[in-house]
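Following: one structure in structure tokens, then a few remarks.
The values are calculated or read from the model by the stated rules, or taken from the named source; none is laboratory data. If you're wondering where the values come from, they're calculated on a predicted model, not measured in any experiment. Please note: Cβ atoms are built from the backbone with ideal geometry, for glycine as well, and neighbour counts cover all protein chains shown. These area figures cover heavy atoms from the full protein model, side chains too; ligands, DNA and RNA do not enter into them. Shrake-Rupley method; radii C 1.70, N 1.55, O 1.52, S 1.80 Å.
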Amino acid sequence: MSGELEQILLQLTQPDNAIIQQATAQLKLAFKDPAIIPALCAVMTGSQNSQIRQSAAVMLRMRVKKHWKKISPDHRERLAALCCPIPRNQSFSSPLICIDQKCLPQVGLLLLSKVVESNPEPFKPHYRQLLQLFGTVLQDLDNPTAMYYCILTLTAMTAYTGTEEMNLMRSLIPTLIIALRHLIKADQDQASEAMEVFDELMESEVSIMVPHIAEIVHFCLEVSADTTLTDSLRVKALSCIAFLIRLKSKTVLKQKLLNPILQTVFPVLSAAPPPGEEDPEDEENSNEDDTDNESPKHFAAQVIDTMALHMPPEKLFHQLMPLTQACLASDNPYKRKAGLMCLAVLAEGCFSEHLQPEVSKYCAELMPLLLAYMSALNQAKIGHVTKAFYALENFLENLGEDPPIHLILIHNHLSCYYFILLVPQTTFNIEPYLPTLMETMLSALSNAENLKLKELAVSAIGAIANAAKEKLVPYFLPVIESLKGFLTDTRDEMRSLQTQALDTLSVLARTIGKEVFSPLAAECVQLGLNLTNAIDDPDLRRCTYSLFSAVSTVSPDCLNPHLTAITTIMLLSLKSTEGVTAHLEEDKTFVLLDDDDDDEAQGDTILDEEGTDTVDPDIAGYMSEMLMMMFDVHTQFVLLFLCPALQKLLGVVLPSFLEAVHSERERQVVMGVLEAMNAVLKACQGEALQSPGRLQDISQAIRDVLKKRTVCQDGGGDEAEYDAMLQEFAGEGIPLLASAVPAETFQPYLNELLPLIMNKAKLSYTVADRSFSVGTLGEILQSLVNVSGGRACAGKLSNQLLPVLVAGVRDCDSEVRNNSVFALGALAQAAGPLVAQDYPMMLSLFSNLLSKEQDRRVIDNLCAALCRMIMSNMEGVPLEQVFPALLARLPLREDMEENKTVYSCLAMLYSQNPALVLSQIKPIVSASSHVLGTKDLDTGEKTQNTLVMLLRDVAQRHSQEFEGAMKSLPAEQKMKLTGAVSQS
């Protein structure tokens, strides 16, 4: 058949259409014959015509690449022999690849690269021989084509190499770098593709590269700085640097590579575009949400971003901030833009908690530069303005005044939507900058003609609101009027601005204060419904769900008239096919090779088998948030009408969370996912665990994180500091599970998780680990208080937990002591009489600590722990001695949430032993006067009412004792107390 095939291929080269058409028809028939593989091999190695050999090699490559599994074992063996012809008892002493020496080495290497790429594993027995061969080929610097195919084959093999090939692979790196330098001179496109070998090496076995990191970094810097090279090649080099920093930041620092990287990256970041051109994002009709920006400038910013996330701040900031400040102060608009980009990614890098205090140190220098730039918004390029707003938002979202730890979804103008973790680490005060900031934003809202500029200002107001909270009240009305104007405009070009306006309105609802926003809550709900009724846009619906969710936390009653309409929209979204996409196979580059596969052609378009069960992830996220809020506020409504929808949504969201925990490589992403999953569990509780196996799956995910078995924890020691944070997020899920199901249901999983938590309480662990350990134990015990079987479960655990908690009370660190005291109180509350025999030991321990403890938070928790012991087993506490000592430490000074526990205990004692309370009425009245009517009782109206009812009853039944206790109070406190008890 080989002779006939060679003749057909020869006819295809003739300049006659009729002959070519006839040969094409014959070739189609030939490809239906299984013998086509050996025939192509014979032609490729035996033909005297180089053009025919090349055609046969290309066809064979395509056949192997697309149909390897259909090729018979005999033909596979022949292909392997063709690529590796040397017998096993010989070594590669020459770079021969093909059987026939007349065949060019490039053809054999091309075929080898395609065969190995298609199925690398059968070649594993030959890997050592192949690597030895590659060492020879890569030194043939005058043959760039052979080097190119050699590197492609090496790339395909890398993921399958074992420890026996490690040293051989490592020794190839210097030769590989030299070969790439020469390949760049010969063919930049091929060099760009070949550089992917570094990505594969880092993904599969980064230790191969560690001894050569300095050489690799300097090579990549050389490439990225060379403006004569293609953008694709420079991007590959910058991407490689970022990847190395992420995986081996400590090695990069140790080898003093930080400064060379910064000195190369900053000129790339601040480079002006060629004369007559603009950066893509600065063009008139650019799309800021375009994620296909493959420019060196974009990837230079990613290098800075990776540094901010993965390098210690004390190493990074001293070298980075002078460069950033110089750019921001420059007259060159592109240098200022580079400074803005750098500031933005630095502030975004603050999500890694330890960076955030470092950024705040530069606030006094950076904020004026940023504000000065934004004072001339209408004169600046919109792309540069976007960077300025992006920098401002990230800066404010991380440097706000004591922001709470929570997970929110922010509209990022550079990369669509992403989760942000806010960490309370700074005392930075936004107030001095608020007038200038809001003057700039309000001016942009009212004067700017550019809708994009208005959109950016609206987004920035959301970030300012997150940082300023109630301090934004003086600016609230003009902001609201602008937002309402945007939301009632029906023009199509307003859609993006309306989406952002809804997002910012949701932020305002959560931050501005209930008293301020509640009067507008009903109007906001109606605005959202009007938009969803008038405009069929998934982004608008996503933002509307977020708005409804936010409003439900401020004024839930205003949702009641609209519950039917809201749930109808949600259910329609669940049933919609938005988010279902058709996946097309890659374009066929050689039609002749595929005409015989009619059965496969039907599979070229693959629709998700789940069909309409697929839900857009952004919409699912906001719908889940809204459902959670409604579950809190309208529990019965949700149970009656939304359970099917809720379960369907949970069936989408929770499995995706669990998959991300196990497979996602970025620790920060997994932290965000765990935080979101915890929020779902907290809000939906048992409803989230209805699906069979879900409790086991979530418990297993937590266990895998605690045992460092997830993909994102495979990075080694360079990111070990993140593991503690990651495990804390996982540990927070355990008490949430314990509170969601009966104790006997969770007990088997708890038995597996507890040792992993308790182990971190050992003195050999860090203070943060010990604090996390005993704190989590306390939260678990508190969760058992209100679940079925919780008392019995806590009693069984007491012997196991007491030694750990007692040791924690004696710890040298106040935070560990504080959490241990809380946990012992929670144990007493959960187990009650089952730990009565341990009360004397616990009371002695607390008495000893109380006599010498200086930390007010620990003292507050001691008071609360004693109250829990009294409420759970009053007979086990010698009240005559304990009660006066407890009252002597009131009022609470730090942990105000425990006021609920303290005053609940006082009310119970008064109902059961009024004489005891009356004997101590003076310190009780004194303590009450300090907290009544203040934010110190911010745990809810129930605590206020409990205290008022107690004092009122004492005043009515024992007026003489009450009046005597009031005499020693200052006039202001006496008046406040008198007013509280006299109200009807």
Report task. Express the relative contact order of segment 910-983 as a whole percentage, based on alpha carbon pairs under 8 Å and six or more residues apart in sequence. Result -> 39 percent
Requested in this report: Determine the sum of side-chain charges near Ile177: Lys and Arg each +1, Asp and Glu each -1, restricted to other residues whose C-beta is under 12 angstrom from that of Ile177.
Outcome: -1
Requested in this report: Heads up, I need the accessible area for Lys514: 1.4 angstrom probe, whole protein in place, Å², nearest 10.
Outcome: 120 Å²
Query raised in the report: Could you give the length gained on full extension between Ala186 and Glu277, defined as 0.36 nm per residue of separation minus the Cα-Cα distance, in nm?
Result: 30.0 nm
Report summary line: Of segment 435-460, those with amide N under 19 Å from the point 7 Å along the Cα→Cβ vector of Ala534 are 451, 455
Query raised in the report: Contour minus end-to-end for Ser663 and Glu481, with contour as 0.36 nm per residue of separation and end-to-end as the Cα-Cα distance?
Result: 61.0 nm
Report summary line: Per the rule of 0.36 nm per residue minus the C-alpha distance, extending Glu431 to Asn450 adds in nm 4.0 nm
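Could you tell me the relative contact order of segment 707-792? Use alpha-carbon pairs under 8 Å, at least six residues apart, and round to a whole percent.
On the way: 63 pairs, mean separation 30.6, N = 86.
Dividing the mean separation by the residue count of segment 707-792 yields 36 percent.
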Report summary line: One point scatterer per Cα, no solvent, Debye formula: log10 I(q)/I(0) for segment 910-983 at q = 0.16, 0.17, 0.18 Å⁻¹ comes out as -0.52, -0.59, -0.66
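Beyond a 25 Å Cα-Cα separation, which of these cross-linked pairs lie in this structure: Lys254/Lys707; Lys28/Lys114; Lys922/Lys942; Lys484/Lys514; Lys248/Lys707?
Lys254/Lys707
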